[in-house]
Amino acid sequence: MIIIILTSMAPKPLDILKKGLMKFSERIKVHKNKLNAKLSQKETISLMDEQWLDHEANTVDEQQVLDNLEAASDYERGLAQLDENGKAIVKRLREWAGDLVKVVGKKWKRTNFCLP
């Protein structure tokens, strides 16, 4: 009798980052496709939509960071070689993957007490 025990291995850091990019890409896909369809038909889009396509919906920088980390001899060394922007992209990808809790703020709510 052979018993195989499957253990749950933690996902590799690169896999987490790829998952984050995939989730983000899926989330923006419909809106991005609509805007690109309008542009391909020579229709105009709003300035806000144009800026969104150029910045938030543009995943070139995220893909470049993933490519750099994959090409590195190991993940930690590749991460250490990233500049501040690259490290911010890694953090954002981890947030999108659900691996990192997004910190909104460090302020505590202040409760006012009424004293007699």
*Identify the single condition in (1) aliphatic (A, V, I, L, M); (2) within 26 Å of His31 (Cβ to Cβ); (3) at pLDDT below 95 that Val103 does not satisfy, given that it satisfies every other one.*
(2)
*Residue tally, condition among the charged types (D, E, K, R), closer than 11 Å to Leu14 by Cβ and under 17 Å from the mean Cα position of the chain (by Cα), over the stretch 65-92*: 2
_For the stretch 44-62, give me the residue count where each residue is surrounded by fewer than 13 Cβ atoms within 10 Å (Cβ to Cβ) and of a type in the set (Ser, Thr, Tyr)._
2
*Kindly list, by first and then second residue, each pair from a residue in the stretch 47-60 that is of a type in the set (Phe, Trp, Tyr) to a residue that is surrounded by 10 or more Cβ atoms within 10 Å (Cβ to Cβ), limited to pairs with Cβ atoms under 7 Å and residues at least 6 apart or on different chains.*
none
*Of the residues Glu62, Glu56, Glu76, which is in a helix (DSSP H, G or I), of a type outside the set (Gly, Ala, Ser) and at pLDDT below 95?*
Glu76
_Selection count where residues are surrounded by 13 or more Cβ atoms within 10 Å (Cβ to Cβ) and under 17 Å from Arg92 (Cα atoms), scope the stretch 22-43_ = 5
_Matching residues in the stretch 77-104 - criterion: being acidic (Asp, Glu) and exposed (fewer than 10 other Cβ atoms within 10 Å of the Cβ)_ = Asp83, Glu84
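The values are calculated or read from the model by the stated rules, or taken from the named source; none is laboratory data. These numbers come from a predicted model, not from an experiment. Please note: Cβ atoms are built from the backbone with ideal geometry, for glycine as well, and neighbour counts cover all protein chains shown.
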